[in-house]
Amino acid sequence: MLAGFVTFEGIDGSGKTTVSHLVLEKLRSRGHSVFLTSEPTSGWLGDLVRRGIQEDVNAITESFLFLADRSVHIGQIRSHLEKGELVLCDRYADSTFAYQGARLVGVLPDPIRFLQNASRGWLLSPDLTILLRVSPELGMNRIKGRPMKIRFEDLGLLRRVAANYDRLARSRRFAVLDGARSAQVVSEDAVSTIERRLARRGRT
């Protein structure tokens with residue numbers, strides 16, 4: 001049985017929500033005990049995050065709303081890990097580093113480092129982070145039919161976010177997959193990556 005903490009990351013339009021649900025189904029069909037969660041959460045702090053985005057709060061306030069939501073979310077994640085389950089999460093800390101890191105440009109000298117330092121000591125680190133890489137142009141094309149747009153769905157911002165993800169993906173924790181392919185193909189690739197990485201982790 002696979003166990004561990006796997007996060008899915010990518011810019012808007014990368015397909016990570018669809019892929020993470022497909023991965024959940026595929027892994028469960030293979031007999032694994034899997035829990036899927038996401039950020040912002042469905043709790044009251046997650047609601048505050050969404051309200052902050054809707055009301056266009058400043059970038060520092062927005063960043064700390066995400067951190068507060070995550071600090072509670074980690075308890076839920078740990079509870080499933082302690083049961084020996086595999087936890088999948090659609091967006092996690094790297095989303096904050098990439099997105100709020102882009103928003104904080106011009107406000108702080110090194111936004112990603114600031115956010116990472118603010119998370120140090122209490123953040124639960126994933127065993128594996130799967131980054132679905134697509135071009136910002138493809139991401140924008142995929143989300144153009146959404147009925148409501150938020151400020152994150154802007155080509156200039158997505159380019160900065162994508163660059164931040166590329167910086168973060170230098171970590172060995174990351175596996176970068178081509179998100180331009182069909183969700184079915186990407187999900188199969190993700191399942192293979194999870195099985196390979198977590199099985200290797202279990203032997204060490």
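The values are calculated or read from the model by the stated rules, or taken from the named source; none is laboratory data. Values in this document were obtained by computation on a predicted structure and should not be read as measured data. We place every Cβ from the backbone using ideal geometry, glycine too, and count neighbours over all the protein chains shown.
Which count do you get for residues in the stretch 89-106 that are touching a strand residue (DSSP E or B) at 6+ places or on another chain (Cβ under 9 Å) and either among the β-branched types (Val, Ile, Thr) or in a strand (DSSP E or B) (or both)? Qualifying residue count for the region: 2. Give the stretch 22-39 a look and list any residue that's without any contact (Cβ under 8 Å) to a residue 40 or more places away in the chain and either touching a Leu at 6+ places or on another chain (Cβ under 6 Å) or of a type outside the set (Lys, Arg) (or both), or say none. GLU25, SER29, GLY31, listed by residue number. Counting only residues that are in a helix (DSSP H, G or I), among the hydroxyl-bearing types (Ser, Thr, Tyr) and either touching a Pro at 6+ places or on another chain (Cβ under 8 Å) or closer than 25 Å to LEU24 by Cα (or both), the stretch 34-83 holds 2 of them. Of the candidates SER187, SER192, the single residue that is at pLDDT 95 or above and surrounded by 17 or more Cβ atoms within 10 Å (Cβ to Cβ) is SER187.
Selection of the stretch 75-115 for residues being surrounded by fewer than 21 Cβ atoms within 10 Å (Cβ to Cβ), β-branched (Val, Ile, Thr) and within 23 Å of LEU132 (Cα to Cα) yields ILE77, ILE112. Applying the criterion of being of a type in the set (Gly, Ala, Ser) and modelled with pLDDT of 95 or more to the residues of the stretch 4-30, the residue that is surrounded by the fewest Cβ atoms within 10 Å (Cβ to Cβ) is SER29.
For beta carbons closer than 6 Å, sequence separation of 6+ or different chains, a first residue in the stretch 68-94 that is over 24 Å from TYR165 (Cα atoms) and without any contact (Cβ under 8 Å) to a residue 60 or more places away in the chain and a second that is β-branched (Val, Ile, Thr) and surrounded by 14 or more Cβ atoms within 10 Å (Cβ to Cβ), the qualifying pairs are HIS80/VAL87. Restricting attention to the stretch 49-61, which residues are farther than 25 Å from PHE5 by Cα, surrounded by 15 or more Cβ atoms within 10 Å (Cβ to Cβ) and either touching a residue at least 60 places away in the same chain (Cβ under 8 Å) or touching a helix residue (DSSP H, G or I) at 6+ places or on another chain (Cβ under 6 Å) (or both)? Correct list: GLY52, ILE53, ALA59.
Taking the residues in the stretch 62-73 that are aliphatic (A, V, I, L, M) and surrounded by 15 or more Cβ atoms within 10 Å (Cβ to Cβ) as candidates, determine which candidate is nearest to PRO126 (Cα to Cα). Spell out how you get there, then give the answer.
Residues of the stretch 62-73 aliphatic (A, V, I, L, M): 65, 67-68, 72.
Pick out the ones that are also surrounded by 15 or more Cβ atoms within 10 Å (Cβ to Cβ) and you get 65, 67.
Details: LEU65: 21, LEU67: 16 Å.
Once the filter is applied, the top-ranked residue is LEU67.
Just the residues that are over 15 Å from ALA163 (Cβ atoms) and assigned to a helix (DSSP H, G or I), please, taken from the stretch 116-136. Result: GLN116, ASN117, ALA118, SER119.
Before we move on, is VAL176 within 15 Å of the chain's Cα centre (by Cα), in a helix (DSSP H, G or I) and not basic (Lys, Arg)? Outline the logic, then answer.
Working: within 15 Å of the chain's Cα centre (by Cα): yes; in a helix (DSSP H, G or I): no; not basic (Lys, Arg): yes.
No; evaluated as a whole, the condition is false for this residue.
Scanning the stretch 116-134 for residues that are in contact with a Lys or Arg (Cβ under 9 Å, 6 or more places away or on another chain) and within 28 Å of VAL191 (Cα to Cα) yields LEU123, LEU124, SER125, PRO126, ASP127, LEU128, THR129, ILE130, LEU131, LEU132, VAL134.
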